[in-house]
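To keep things clear, I will list the structure first and then write my remarks on it.
The values are calculated or read from the model by the stated rules, or taken from the named source; none is laboratory data. Note that the structure is predicted; figures quoted are calculated from it, not measured. Cβ coordinates were reconstructed from backbone atoms using ideal geometry, including for glycine residues, and neighbour counts include every protein chain displayed. The accessibility values were calculated without ligands, DNA or RNA, using every heavy atom of the protein model including side chains. Shrake-Rupley method; radii C 1.70, N 1.55, O 1.52, S 1.80 Å.
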Amino acid sequence: MLNVHNLTGGYQHPIVKDVSFEVKPGQILGILGPNGSGKSTLLKMVSGLLSSSQGTVEIDGKPIQDYRPKELARKMAVLPQLPPQSFGMTVKEAVSLGRYPHQQGLFSSWKTADEEAVMEAMQITQVVPYALQEITTLSGGEQQRVFVAQALAQQAELLLLDEPTNHLDIAHQKQLLDTLKTHVQMHQTAVVIVFHDINLASLYCDHLLLLEKGRVSAYGEPHQVVDKATLEDVYATRLDVAPHPVEPKPQMTLLPEDSEAAGSIVRAADIQVLDDVVLLHTERPMRVVSSAVLNPGFGWYRTLVNRQVEPTYNVNDVASEVKEFAVSRGWIPTETVMQLTAVATRGAVIREYEAPFGSVVILVTAGVGNALDVSRAHEVQTLPAIGTINTWILVNGHMSDEAFIEAMMTATEAKTKALAEEQVLDCRTQTLATGTPTDSLVVAATQSGEALPYGGPITELGKLIGKGVVDCTRQAIRHYRDAQREE
Amino acid sequence: MTKRKVGWVASILLLLASVWLGISVGAVQIPLSTIWGGSEDATATTIVWNIRMPRVFLAALVGAALAVAGAAFQALLKNPLADPYTLGVSSGASVGAVATIFFGISLPVIGMYTLPLLSMIGAITTLLIVVSFARMIDRSLRMETIILTGIITSSFFGAMISLMIALTGEELRQIIGWLLGSVALRTWAHVQMIAPFVLIAGAWLLVRVRDLNALQLGEDRAHHLGVNVSRVKNEVLIAGSMLTGAAVAVSGTIGFVGLVVPHMVRQLFGADNRHVLPLSMINGATLLILCDLVARTIIEPTELPIGVMTAFIGAPVFAWIFFRQRRKGVK
């Protein structure tokens, strides 16, 4: 569809240098780059507004300068960066101008096809309610949509858009890009969009082209272009790239310069053991990965809670109950990670381990009444939901994602080992138990101090976790058994 | 839609009514029947055919020419204050016309068309100077830039005309009367002199209305919509200058017609040039016929220059548009 070969050009001096790319029908190409990298200039050259000094721009194999103006406008529609002045025009009049290239001769009439194209474009962009209003009476976002409608009414096979989401709030950004995406899939349109927002580009584009000082710095699928090293180099700033939580697309996050400020150190003494909860409040949020009931997964939290509930606890609507409980105790729900257990909080084992990099605090509450052998768990339909081993591993150090995952593996292996050492059996099979049906683990790190890239047994961190979890779990099991005997 | 239809019908009826008034009202009241009835009254017939009719037709042609030229300039420059007078194009045309009269120039072959031709050349030269100078200052051709450039040009050409007047002895009164803008004492020869230019250039602009609609969004946008921008721009500038030159050649500098009429039309019937241009033509003709009627009857037997009438209406409207546009900018 669109082929750009070794394009060079600009104003007095070349701004775009030796740029090549192609866009096939049904594809969206995003053009990215810092301010002044030549994004808009490149788009002007591709749209024929600016002539090139070298290289070619071809649509369907024919150089754009060989097209007649109207012929070119039927092939290619362009959305300008700013809504143009409209001089008292109404929305419908402006959208109707999109049919200009389809009207032949001096007195060509307005055909049904023209009216249909205009109505469809106005419906897609949701500007029908304003059809008879003057454009100048609309908000910036509405005006933007009017000119998107105008470009769509052109029914061109190639769409060029210069920062179409500027001046739009996030809902309208999403709406506009969703609209475009649907349009592209329905009509197999080829689209080139200049983007300021790397994350939006990554989400919506099939391919990305990253410009640096007029040259192509990276060109490929989003995961090839939205790369930490490449972006840090081109934008000369600190950032990080992580996968989108839902879509298989990378997302960029800026790293503020003071993000490494010294954090407080977590001590065993900071953990409060109250009647119904074991509680830790920290000054600065900790990075936490957990299988807790409230706020599981990765996140940043200041309050960790291991809460004792009655064995009769109604588990139908746990999510809202735990939130309400947090609020009733004055904890901010979005800052709190909460585990549940039926074991008495007084049975919690809390120990602190010194290490060369800092220290690790481990907390375990264990109830092994329903301990099971995971290899035989498939033999039973329903398992009891109570009787839990809850573990906290609090690390004074800066852990990577790998370190978190390895720490969880190490901790799980250590827990299993502790159960074996204590000869905890699956009461149904009489084999060695590996855990309980509802064990929960919290790994939290202060993210200040020494960098801890790994958490397996080969590292200092892994060794401490292994030893600490076995010790604490064994002790917690003994507490549990003592308490059972007393009853 | 219906509003526009009403606009068309009302505009045409108004034009017919003003033609009738223009012919029958004056120092001597003449019933319209004289025109086709073949009245026994020879004086009345003479007044109608040799004095009133050419005058009314000339006023209509001049009004139509200035109004449609103004509408086209406004769409092209996206500037509601652009008209032949405010852009200084009328002054440029005047220089051409005054020079023709002052030096008694009569080019071979074209003979009587020398006056409108040189006037048009003056107009187009001025327009090119104004637009390219303004574009040098700022590419977006903001309203203030255009208007100031128009003032600079007008002042300069005004001085040139004053110089020519100062140097002349006998032609003084003719030139001054003509400068203030008037359609008095015009004959069928004058109508004949400009009619072809007004008709050709007017039709030319009407053919370009859809291109002008696209150009109202700016040249880049028009380019992307498939308009051959440079060609259309040149055509509109040439046609607009032809109309201005032709009008100025026979009636002098009549101000503000090209400003007031398109503005009113746009206010009432919207900005679609397919209607703005033809409706401006019709109503421009009507306005000038009526202004001339008032100018020659209001303080009989003295005749006011028609330019005085249009300026009385035009200047406040100019101020009003400028005020509104600037306030919009401030907001």
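Note on residue B:231 and residue B:139: with the Förster distance fixed at 25 Å, the Cβ-Cβ geometry gives a FRET efficiency of about 0.80. Ordering A:467-474, B:259-266, A:395-402 by mean Cβ neighbour count within 10 Å, with the highest value first, yields B:259-266, A:467-474, A:395-402.
The label-point distance for residue B:319 and residue B:109, in a model that sets each label 7 Å from Cα toward Cβ, rounds to 5.0 nm. Probing with 1.4 Å while keeping every protein chain in the model, the per residue accessible area of the protein assembly as shown equals 44 Å². Residues of the range A:45-61 with an amide N closer than 16 Å to a point placed 7 Å from the Cα of residue A:22 along the Cα-to-Cβ direction: A:56-61.
Let me make sure I get this right: for the range A:101-151, a, b and c are the square roots of the gyration tensor eigenvalues over alpha carbons, sorted descending. Under 1.5 in a/c it's rounded, otherwise prolate if a/b > b/c, else oblate. Which is it?
Working: a/c = 2.41, a/b = 1.97, b/c = 1.23.
In terms of gyration-tensor shape, prolate.
Counting only residues at least eight positions apart within a chain, or on another chain, the lysines with an alpha carbon under 21 Å from that of residue A:213 are A:17, A:39, A:44, A:228.
Compute the length gained on full extension between residue A:197 and residue A:58: take 0.36 nm times their separation in residues and subtract their Cα-Cα distance, giving the result in nm to one decimal. If you can, show how the numbers build up before the last one.
Values: separation 139, 0.36 × 139 = 50.04 nm, distance 2.75 nm.
That pair, residue A:197 and residue A:58, stretches by 47.3 nm at full extension.
Under 5 Å from the amide H of residue A:50 lie the amide H atoms of A:45, each residue being 5 or more positions distant or on a separate chain, with H modelled from the backbone and absent for Pro and chain starts. By definition, a body whose alpha carbon gyration tensor gives a ≥ b ≥ c is prolate when a/c is 1.5 or more and a/b is larger than b/c, and chain A fits this prolate description. When +1 charges are put on Lys and Arg Cβ atoms and -1 charges on Asp and Glu Cβ atoms, the dipole computed for chain B relative to its Cα centre reaches about 1360 debye.
One decimal place: the segment residue A:137-residue A:300 gains 54.2 nm when fully extended, by the rule 0.36 nm per residue minus the C-alpha distance.
How would you rank A:221-230, A:457-466, highest first, on the average number of other Cβ atoms within 10 Å across their residues? Please report the intermediate quantities before stating the final value.
Working: A:221-230: 17.2, A:457-466: 19.8.
By packing density, highest mean first, the sequence is A:457-466, A:221-230.
Simple spin-label estimate for residue B:20 and residue A:354 gives 11.4 nm between the two label positions (7 Å along the Cα-to-Cβ direction from each Cα). Computed from Cα atoms, the angle from the helix B:2-24 axis to the main principal axis of chain B rounds to 30 degrees.
In chain B, with Lys and Arg counted as +1 and Asp and Glu as -1 at Cβ, which of these residues, B:237, B:212, B:148, has the Cα nearest the positive end of the dipole, that is, farthest along it? Working it through, the farthest residue towards the positive pole turns out to be B:212.
For the protein assembly as shown, compute Rh as the Kirkwood radius over C-alpha pairs and then the Stokes-Einstein diffusion coefficient at 10 °C and 1.306 mPa s; write the answer in µm²/s, rounded to an integer. The calculation lands on 48 µm²/s. Out of A:458, A:448, A:476, whose Cα points farthest toward the positive end of the dipole of the protein assembly as shown (charges: +1 Lys, Arg; -1 Asp, Glu; placed on Cβ)? Checking the options against the dipole of the protein assembly as shown, the answer is A:448. For the peptide A:73-80, the mean number of other protein chain Cβ atoms found within 10 angstrom of a residue's Cβ is 3. The heavy atoms of residue B:298 present about 100 square angstrom of accessible area, all protein chains included, probe 1.4 Å. Here the accessible area of the range A:268-486 is 54 percent carbon and sulfur, with a 1.4 angstrom probe and all protein chains present.
Straight-line cross-link reach from residue A:70 at under 12 Å between alpha-carbon atoms covers these aspartates and glutamates, not counting any fewer than eight positions away in the same chain: B:211. Full extension of the chain segment joining residue A:253 with residue A:324 gains 22.4 nm, where the gain is 0.36 nm per residue of separation less the Cα-Cα distance.
Determine the shape class of the range A:268-486: with a ≥ b ≥ c the square roots of the Cα gyration tensor eigenvalues, call it rounded for a/c under 1.5, and otherwise prolate if a/b is greater than b/c, oblate otherwise.
Oblate, since a/c reaches 1.5 and b/c is not below a/b.
Other chains near A:84-97: what is the mean number of their Cβ atoms within 10 Å of each residue's Cβ? Intermediate values should be presented prior to the final figure.
Working: counts 8, 7, 6, 14, 8, 7, 3, 0, 1, 7, 6, 0, 3, 10.
For peptide A:84-97, the averaged partner shielding equals 6.
Solvent exposure of residue B:124, expressed as accessible area, is near 50 Å², computed with a probe of 1.4 Å over the protein chains only. Scaling against 2.2 N^0.38 Å puts the C-alpha radius of gyration of the range B:88-161 at 1.24.
Rg/Rh for the range A:2-254 stands at 0.97; both radii use Cα atoms, and Rh follows the Kirkwood definition. When only Cα pairs below 8 angstrom with a gap of at least 6 residues are kept, chain B shows a relative contact order of 31 percent.
The mean number of Cβ atoms from other chains found within 10 Å of a Cβ in peptide B:210-223 is 6, as a whole number.
About its Cα centre, the range A:165-324 has a charge dipole of approximately 340 debye under the convention of +1 per Lys or Arg Cβ and -1 per Asp or Glu Cβ, with nothing else charged. The GluC sites (Glu not before Pro) of the range B:147-243 that meet both conditions, a loop assignment by DSSP and at most 13 other Cβ atoms within 10 Å of the site Cβ, are B:170. Against the longest principal axis of chain B, how steep is helix B:306-330, in degrees 0 to 90 to the nearest 10, with axes from Cα atoms? Tilt relative to chain B: about 20 degrees. Helix B:89-103 and the longest principal axis of the Cα set of chain B meet at an angle near 50°.
Residues of the range A:139-174 with amide nitrogen under 11 Å from the 7 Å Cα-to-Cβ point of residue B:220? Within reach of a label on residue B:220: A:162-163.
Can you work out the FRET efficiency for the pair residue A:120 and residue A:174, with r the C-beta to C-beta distance and R0 = 25 Å, to the nearest 0.05?
Details: r = 21 Å, r/R0 = 0.84.
The calculated FRET efficiency here is 0.75.
Give the interface area between chains B and A as buried accessible surface, both sides summed, probe 1.4 Å, in Å² to the nearest 100. Display every interim value, and only then the final one.
Numbers: alone 15380 and 23340 Å², together 36390 Å².
About 2300 Å² of accessible surface is lost on pairing.
Annotation for the range A:366-435 versus the range A:116-183: alpha-carbon center distance of 55 Å. Counting lysine pairs in the range A:268-486 that sit 8 or more residues apart in sequence, or on different chains, and whose Cα atoms lie under 17 Å apart gives 4. Distance in nm between label sites at residue A:481 and residue B:297, each 7 Å beyond Cα in the beta-carbon direction? For the pair residue A:481/residue B:297, the computed spacing is 12.2 nm. Counting protein heavy atoms only, the range B:179-279 has 67 percent of its accessible area on carbon and sulfur, 1.4 angstrom probe.
Between residue B:312 and residue B:8, how high is the FRET efficiency from 1/(1 + (r/R0)^6) when r is the Cβ-Cβ distance and R₀ = 35 Å? Nearest 0.05. Each step should come with its number before you reach the end.
Details: r = 28 Å, r/R0 = 0.80.
Calculated value: 0.80.
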